[in-house]
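The values are calculated or read from the model by the stated rules, or taken from the named source; none is laboratory data. Keep in mind that what you see is a predicted model, and the values were worked out from it rather than measured. All Cβ positions, glycine included, derive from the backbone under ideal geometry; neighbour counts span all protein chains shown. These area figures cover heavy atoms from the full protein model, side chains too; ligands, DNA and RNA do not enter into them. Shrake-Rupley method; radii C 1.70, N 1.55, O 1.52, S 1.80 Å.
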Amino acid sequence: MEKPSKETLEKWNQDPNNWKWGCFYYNKEDQRLLPPKRIPWMGWTVNFANPKSIILFVATLFFCALIVLLTKLTLTTYHH
C-alpha cells in the first residue's frame with residue numbers, strides 16, 4: 001500500500017465523518033497507529049478502525065494498570 005500524501009492525511013484528519021461523536025477517530029483507510037488529534041498540538045489519538053491501534057491502546061492501559069497494581073502491592077508490603 002502506498003503511503004498517503006500529507007494533504008490526504010490532513011484531509012482525513014479534518015473530515016468530521018472520521019470522528020465519531022466528535023472525539024473518537026475512526027478511519028479504515030488510515031493505517032497510522034497514532035494519528036494526530038483534531039487539534040494537533042494536543043497530541044495523538046487512537047484510530048479505532050485499525051486493529052493494531054486498538055491493541056496498542058489496550059496494551060498501554062494494561063501496562064499502566066500493572067504499574068499501579070505493583071506499586072500498591074509494594075507499598076502495602078513495606079507498611080506491614
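Restricting to region 36-58, name every residue that is open to solvent by less than 30 Å² (accessible area, probe 1.4 Å), outside any helix (DSSP H, G or I) and under 14 Å from Y26 (Cβ atoms). Even if it seems obvious, please write down each step before you answer.
Here is the first cut: in region 36-58, the ones open to solvent by less than 30 Å² (accessible area, probe 1.4 Å) are 43, 45-47, 49-50, 53.
If we keep only those that are outside any helix (DSSP H, G or I) too, we end up with 43, 45-47, 49-50.
Matches in region 36-58: T45, V46, N47, A49, N50.
Residues checked against (1) open to solvent by 100 Å² or more (accessible area, probe 1.4 Å); (2) in a strand (DSSP E or B); (3) free of Cβ contacts under 8 Å to residues at least 40 places away in the same chain; (4) not acidic (D, E):
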residue: K11; (1), (2), (3), (4): yes, no, yes, yes
residue: D30; (1), (2), (3), (4): no, no, yes, no
residue: L69; (1), (2), (3), (4): no, no, yes, yes
residue: T76; (1), (2), (3), (4): no, no, yes, yes
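Please go through region 18-28 and give me each residue that is open to solvent by 80 Å² or more (accessible area, probe 1.4 Å) and out of contact with any Phe, Trp or Tyr (no Cβ under 9 Å at 6 or more places or on another chain), ordered by number.
Residues of region 18-28 open to solvent by 80 Å² or more (accessible area, probe 1.4 Å): 20-21, 24, 26, 28.
Within region 18-28, W21, K28 qualify.
Quick check on my filter: what residues within region 13-28 are in a loop (DSSP other than H, G, I, E, B) and more than 11 Å from A49 (Cβ to Cβ)? Don't jump to the end; show me each part of the working.
Looking only at region 13-28, we keep the residues that are in a loop (DSSP other than H, G, I, E, B), and these are 15, 21-23, 26-28.
Residues satisfying the conditions are D15, W21, G22, C23.
Check whether at least one residue in region 33-47 is among the basic types (K, R) and at pLDDT 95 or above, and report yes or no.
Within region 33-47, the subset among the basic types (K, R) is 37-38.
Retained after the next criterion (residues that are at pLDDT 95 or above): none.
Within region 33-47, none of the residues are among the basic types (K, R) and at pLDDT 95 or above.
Can you pull out the residues in region 9-48 that are among the aromatic types (F, W, Y) and on the phi > 0 side of the Ramachandran plot?
Filtering region 9-48 down to residues among the aromatic types (F, W, Y) leaves 12, 19, 21, 24-26, 41, 44, 48.
If the condition is that a residue be among the aromatic types (F, W, Y) and on the phi > 0 side of the Ramachandran plot, then W21 is the only one that fits.
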